[in-house]
Amino acid sequence: MKVMIIVTHLLGTGHLSRALTLGRAFAEDGDGGDVMVVSGGMPAPQLDSGGVTLFGLPPLRSDGTDFTRLLTDQNDVADDRYKAARVTALTQAVQSFQPQVLITELYPFGRRSLASEFDTALTTARNLDQRPIILGSIRDILAPPSKPSKATRADDIIEQFYDGILVHSNQSLTPLSVSWPVSAKLAARLHYTGFVAPEPPQPHPEDIGAHEVLVSAGGGSVGQPIFRAAIEAARKMPNRRWRLLVGGQDAKRRIAELSELAQGTAVSLEPVRPDFRQMLPHAAASISMCGYNTALDILQIGTPAVFVPFDDGKEVEQGLRAHSLSELPAIEVLTSQNLTGERLANALERVISDGPRGPQIQGFDGAQQTVEVTKRLLEKRR
């Protein structure tokens, strides 16, 4: 089975991470799979791309939380010529690879600023000699449409191009209707797969992270307030060791800035690292935002956690997810407007006192279920 997954992460790396997890599941399937993940975001070498071909378009990122202002890897505003080069590269990739299955991550529910390149890829795929099965891939909770016309437009695109929409959630826990208006047309195309997560990590062989408070904020630059609050909290909890993992293209500069603030504390700072998940089982607690992949890591491993959901730019996705998880023991939520070092320290003390939860092991096979759904759809085609 030849599978192409098209994804563009604009802020953090969660979208790409989930796409790569899906890609590995197709590649490792017993029937064999040739998988290409086409990434239109900034390079993220810390992510596992083993088993798949990772093809990069001229990269883009958002200007902070402004997803309509797109920047190149040189921090220039992407002009029409730059965007046209992306469309050309994407079209050539579809024509050359000739996928049997084409999956678009998030589109058409999001990435509307990139609609021209996605629509061109979909049209190119539809016009291949052997039209592929075309699927959309979305997480448990979406950013709700700001006006009804956006939902209507998504329905129209799905009706025109798509054979199905993969919802990487448990329908009984988080139906898509929690965050998106599900029309009768859309409901008929939904396939709930369960949550998409890699296998639970084995504890780090060198015990790195043991008894530490691990602070992470994705692969973007929006986590600086969390890191600043963590340093302030560390001054109030001098008996704890802290490790701040800083991501983003400007990580080196931000680490230098935070290191000045952290002088005299038990805080170490370093760039994000590929063995982060292996560190979590050893940690005293985790402090992070509440993206899809991070939330699943915490559920699978059981580490006590304080979530500070990302809510800039009227974003509500992470807040909805964090609220649902806050019912579990050893998990607390702080909103960004309530984030201070003192409040963070108090929340951290409570989740550590509650102790680790038992890891959850059911319902995380969404990648494998995605492969099975895709096989069934291909079989119907024959």
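The values are calculated or read from the model by the stated rules, or taken from the named source; none is laboratory data. Small disclaimer: the values here were computed from a predicted structure and weren't measured. Don't worry about glycine lacking a Cβ; one is built from the backbone with ideal geometry, like all the others, and counts go over all protein chains shown.
Regarding residue 121, is this residue closer than 25 Å to residue 193 by Cβ, in contact (Cβ under 8 Å) with a residue 40 or more places away in the chain and of a type in the set (A, V, I, L, M)?
yes
Consider segment 313-364. How many of its residues are among the acidic types (Asp, Glu) and in contact with a Leu (Cβ under 7 Å, 6 or more places away or on another chain)?
Residues in segment 313-364 being among the acidic types (Asp, Glu) and in contact with a Leu (Cβ under 7 Å, 6 or more places away or on another chain): 1 in total.
Please go through segment 64-78 and give me each residue that is surrounded by 10 or more Cβ atoms within 10 Å (Cβ to Cβ), assigned to a strand (DSSP E or B) and more than 18 Å from the chain's Cα centre (by Cα), ordered by number.
69, 70, 71, 77
Against the condition surrounded by fewer than 23 Cβ atoms within 10 Å (Cβ to Cβ), under 27 Å from residue 130 (Cα atoms) and out of contact with any strand residue (DSSP E or B) (no Cβ under 9 Å at 6 or more places or on another chain), how does residue 30 come out, does it pass?
Yes, satisfied.
I'd like to check something: does segment 311-331 contain any residue that is surrounded by 22 or more Cβ atoms within 10 Å (Cβ to Cβ), part of a strand (DSSP E or B) and not assigned by TED's automatic domain parsing to the domain that holds residue 68?
Yes.
Residue-wise test of (1) out of contact with any Asp or Glu (no Cβ under 7 Å at 6 or more places or on another chain); (2) of a type in the set (A, V, I, L, M); (3) under 21 Å from residue 246 (Cα atoms); (4) touching a residue at least 40 places away in the same chain (Cβ under 8 Å).
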residue	(1), (2), (3), (4)
281	yes, no, yes, yes
315	yes, no, no, yes
324	yes, no, no, yes
334	yes, yes, yes, no
338	yes, no, no, no
346	yes, no, no, no
351	no, yes, no, yes
